[in-house]
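Please treat every number below as a calculation from the coordinates, not as lab data. Given the structure is predicted, the values throughout are model-derived calculations rather than measurements. So basically every Cβ, Gly included, is an ideal-geometry build from the backbone, and we count neighbours across all protein chains shown.
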Amino acid sequence: MEYMLPVILFAISTSITPGPNNIMVMTSALNFGVKKTLPLLVGICAGFSVMLLVIGLGFGQVFTAFPSLHLIIKCVGVAYLLYLAWAIAKSASAPIDTDKAKPLTFMNGALFQWVNAKAWVVATGAIAAFTSIGDGYYTQNFIIVLVFFIAAFPCVGAWLLCGSALKRVLTKDKYRIRFNYVMAILLALSVMPVVLEVIEQPQVAKLWA
């Protein structure tokens with residue numbers, strides 16, 4: 001595959017940069033620790049890989065035929081991300097009892113990819129940029145999925161370790177509370193570009209006219 005190095009660099013850069021997935025992993029690691037956050041991390045890595053595979057196999061064509069479906073998924077994704085931001089901010093109001101509180105699970109992480117705007121952008125961009133129509137298309141698609149799957153673990157894992165390290169530093173509740181508020185704000189801000197894009201959609205613009 002002639003694009004192997006660019007695919008690797010693209011996978012690393014998009015997986016390690018700030019986004020909803022990494023913010024959730026770091027916040028969970030801070031509040032619940034590494035062990036309880038591992039299912040979320042694995043769910044994110046596996047879920048995105050499955051999403052990337054499905055899009056590469058032609059699911060993206062559905063959105064070309066039914067653009068309103070894509071808009072609906074974006075709206076659901078924005079609403080869910082804002083809910084998570086609210087939940088993080090709410091958890092900051094009091095110390096977390098890690099024995100009773102439940103962190104996000106493997107399925108939460110996997111299913112979240114389908115309403116994660118950044119995941120859609122990265123997945124569709126990777127397939128469009130690094131595949132070519134022809135006999136080798138499906139092989140290229142599987143290679144891209146494998147590269148992203150391998151790259152995701154250390155990249156997202158870095159945020160996991162960062163959250164764990166902060167847990168040891170932010171020993172006082174007031175510092176943890178402030179951290180959770182900051183993460184909630186960052187998570188909310190991460191969806192603002194998608195909110196603006198949704199508002200500019202013709203179907204939505206008519207409602208404001």
Worksheet, complete the sentence: Ranked from fewest to most other Cβ atoms within 10 Å of their own Cβ, Leu38, Leu161 fall in the order Leu161, Leu38
Worksheet item: Mind ordering 148-154, 25-31 by average Cβ neighbours within 10 Å, highest first?
Response: 25-31, 148-154
